[in-house]
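Following: one structure in structure tokens, then a few remarks.
The values are calculated or read from the model by the stated rules, or taken from the named source; none is laboratory data. Keep in mind that what you see is a predicted model, and the values were worked out from it rather than measured. Methodologically, a virtual Cβ is constructed for each residue, glycine included, from the backbone with ideal geometry; neighbour enumeration extends over all protein chains shown.
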2 protein chains.
Amino acid sequence: MTMPAGSSGGLCRFRIDLAYDGTDFAGWAKQPGLRTVQGVLEQALSQIFGDDEDGFGLRVAGRTDAGVHASHQVCHIDLNPQQLKRMGRTPLGAKRLNGLLPQDVRVLEVSEAPDGFDARFSATGRSYQFTIADAECPPDPKRARYVLEVPKSLDEKLMARAGKSLIGLKDFGAFCKPREGATTIRSLRKLAVKRGSSGEIVISLEADAFCHNMVRAIVGSLIAVGEKRLTVEELTTIQVEAKRTSKFKVVEPKGLTLSAISYPKDADLANQAEKARNKRSAAEISV
Amino acid sequence: MTMPAGSSGGLCRFRIDLAYDGTDFAGWAKQPGLRTVQGVLEQALSQIFGDDEDGFGLRVAGRTDAGVHASHQVCHIDLNPQQLKRMGRTPLGAKRLNGLLPQDVRVLEVSEAPDGFDARFSATGRSYQFTIADAECPPDPKRARYVLEVPKSLDEKLMARAGKSLIGLKDFGAFCKPREGATTIRSLRKLAVKRGSSGEIVISLEADAFCHNMVRAIVGSLIAVGEKRLTVEELTTIQVEAKRTSKFKVVEPKGLTLSAISYPKDADLANQAEKARNKRSAAEISV
């Protein structure tokens, strides 16, 4: 049992690892009248613990947009002693929650959070995958919800080279919507482009955090390179200039999947949360 | 260009290979007021060729039920000279049809049919796959539309052994709804059960043809074996007695995918069609 840092005490924090098919959701974040992942998760929790005004203090590592999928997302909730009593003898496991959730959301694991854990602020990295079916890829209707169809043939080797040039601690202003007082500097640790055995092109990215729409803008730029509308050198110049451009588009979300959240060792969780919280409140960058 | 056997002449037969996600379809066969694969395909064809009273003589190899998917289905259409003129200069290729079809149906290939070809009556075999996610399998919301969830752990080795015992030219009366004057004898050529690297159990079957619901009844019986509610020996006895039983259930369709249709060499197509047609009209077995 954990006392979350900064709570008024008596609360117990649980980490929830989950996956979802984003197709039929208006994104993660709760919105009145819309079907969201947060909404259906809170509803399932309410069935066990009763209603909670603060939505069980639910906080998520990656606030995914409408249509974006997750193969591995992480969030946490805080339960008070009364709620813990209502839990009864059956532990709050994946099975119990999955019985209350729709099939397009599946809980992978529920665990008591270690000291200092915060799903959002302790996270040190976010990984995404973007999947494209180009003209080389045989059509597969079962993949229609999960891949972006590009009618032309893409040169995935050029795309991989372009992707490599973007890796590093850089200003990604060319790929982010500018926001007052917010930095667009990010540490992009990984950007790999590979064509799988099915013919689909998979773009794998990892960063400390991504600005809003940053992955989809990067993918748009790589598609422009793959279609030979943009050279690797032109893309590098755009990146360095760090200004929005009309040379590529932010692609639609359906090929996008949040695939992993990284956390430091347990002993460093609270430290990392403190660091991230300060950085966020100073710059309010979106994660 | 082909003169289909038995046609009044002047018609040109095209073979269409296609795939679909069956989730949002009320099956293959056209039904008034319902969304069916045949319905959306005829609608796409009408956009090129104009309306056709006889639905372009569309005939399919495997009339899949509501919710059943196809990774490889085959059908044919017959076009008359006026319709061929309307086709214009662009050939009737997969790309052209896919531009007119919803994303959950994809045409894989369109080709002029060889002499004597009939998508249904020339077929010598149908292959299906049934995919199960049991308690051993990590939950995956992206697979929810394509797998049957079984809450218990299944013994896939026992299921494989049970499956093997069903292979052969046998009376599958225990797995078929009885129909007046219809035979329930089928040649089951393959029945393999394997757990894949993802943890899903895949049951692969091939037969000359399947009775209605036969695959889903066989899968139900294998699940009973996998859960150890039924022994391999008991299943063999049930099969030999060839009578409907309450020992297992016909499972729901969503784990089921039609995966291949086999045809003989071109020279034998007409012969096979003649044979199958006679057999069907004598016994009217469902394929």
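A few remarks follow.
- Residue selected from region B:45-86 under the condition of a type in the set (Ser, Thr, Tyr) and touching a strand residue (DSSP E or B) at 6+ places or on another chain (Cβ under 6 Å), by the criterion farthest from B:Lys30 (Cα to Cα): B:Ser71
- Options B:Thr64, B:Thr36, B:Thr90; residue that is of a type outside the set (Gly, Ala, Ser) and within 14 Å of chain A (Cβ to nearest Cβ): B:Thr64
- Qualifying residue in region B:50-73 (condition: farther than 30 Å from B:Glu252 by Cβ, modelled with pLDDT of 95 or more and in a strand (DSSP E or B)): no
- Residue match in region A:147-160 (condition: in the same structural domain as A:Leu41 (by TED's automatic domain parsing) and part of a helix (DSSP H, G or I)): no
- Filter result for B:Gln82 (of a type outside the set (Lys, Arg), under 20 Å from A:Lys142 (Cα atoms), free of Cβ contacts under 8 Å to residues at least 40 places away in the same chain and away from chain A (no Cβ under 14 Å)): no
- Restricting region A:252-279 to residues that are out of contact with any Phe, Trp or Tyr (no Cβ under 8 Å at 6 or more places or on another chain) and not in a helix (DSSP H, G or I), the residue that is surrounded by the most Cβ atoms within 10 Å (Cβ to Cβ) is A:Ile261.
- Every residue from region B:166-182 that is of a type in the set (Val, Ile, Thr) and without any contact (Cβ under 8 Å) to a residue 24 or more places away in the chain: none
- Options A:Ile218, A:Ile201, A:Ile185, A:Ile238: the member that is free of Cβ contacts under 8 Å to residues at least 40 places away in the same chain and either surrounded by 17 or more Cβ atoms within 10 Å (Cβ to Cβ) or among the β-branched types (Val, Ile, Thr) (or both): A:Ile185
- Of all residues in region B:93-103, those satisfying the criterion of being out of contact with any strand residue (DSSP E or B) (no Cβ under 6 Å at 6 or more places or on another chain) and modelled with pLDDT under 95 are B:Lys95, B:Arg96, B:Gly99, B:Gln103.
- Any hit, region B:230-249, residues being under 23 Å from B:Ser71 (Cβ atoms) and charged (D, E, K, R): no
Residue by residue, here is whether (1) within 22 Å of the chain's Cα centre (by Cα); (2) of a type outside the set (A, V, I, L, M, F, W, C); (3) within 14 Å of chain A (Cβ to nearest Cβ); (4) over 29 Å from A:Ala144 (Cβ atoms) holds:
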{"residue": "B:Ala133", "(1), (2), (3), (4)": "yes, no, yes, no"}
{"residue": "B:Pro138", "(1), (2), (3), (4)": "no, yes, yes, no"}
{"residue": "B:Leu148", "(1), (2), (3), (4)": "yes, no, yes, no"}
{"residue": "B:Ser153", "(1), (2), (3), (4)": "no, yes, yes, yes"}
{"residue": "B:Ile167", "(1), (2), (3), (4)": "yes, no, no, yes"}
{"residue": "B:Lys170", "(1), (2), (3), (4)": "yes, yes, no, yes"}
{"residue": "B:Ala174", "(1), (2), (3), (4)": "yes, no, no, yes"}
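- Some residue of region A:93-116 being hydrophobic (A, V, I, L, M, F, W, C), part of a helix (DSSP H, G or I) and within 12 Å of another protein chain (Cβ to nearest Cβ): yes
- Cβ pairs under 8 Å, 6+ apart, first in region B:43-63 and within 23 Å of B:Thr257 (Cα to Cα), second surrounded by fewer than 19 Cβ atoms within 10 Å (Cβ to Cβ) and of a type in the set (Ser, Thr, Tyr): B:Arg63/B:Ser286
- Residue within region B:78-93 that is within 20 Å of the chain's Cα centre (by Cα), surrounded by 21 or more Cβ atoms within 10 Å (Cβ to Cβ) and closer than 30 Å to B:Gln47 by Cβ present: no
- Region A:228-245, residues that are in contact with a helix residue (DSSP H, G or I) (Cβ under 7 Å, 6 or more places away or on another chain), among the hydrophobic types (A, V, I, L, M, F, W, C), within 16 Å of A:Thr184 (Cβ to Cβ) and not in a loop (DSSP other than H, G, I, E, B): A:Ile238
- Filter pass, B:Gly33 being part of a loop (DSSP other than H, G, I, E, B), in contact with a strand residue (DSSP E or B) (Cβ under 8 Å, 6 or more places away or on another chain) and either loosely packed, with under 15 Cβ neighbours inside 10 Å or not basic (Lys, Arg) (or both): no
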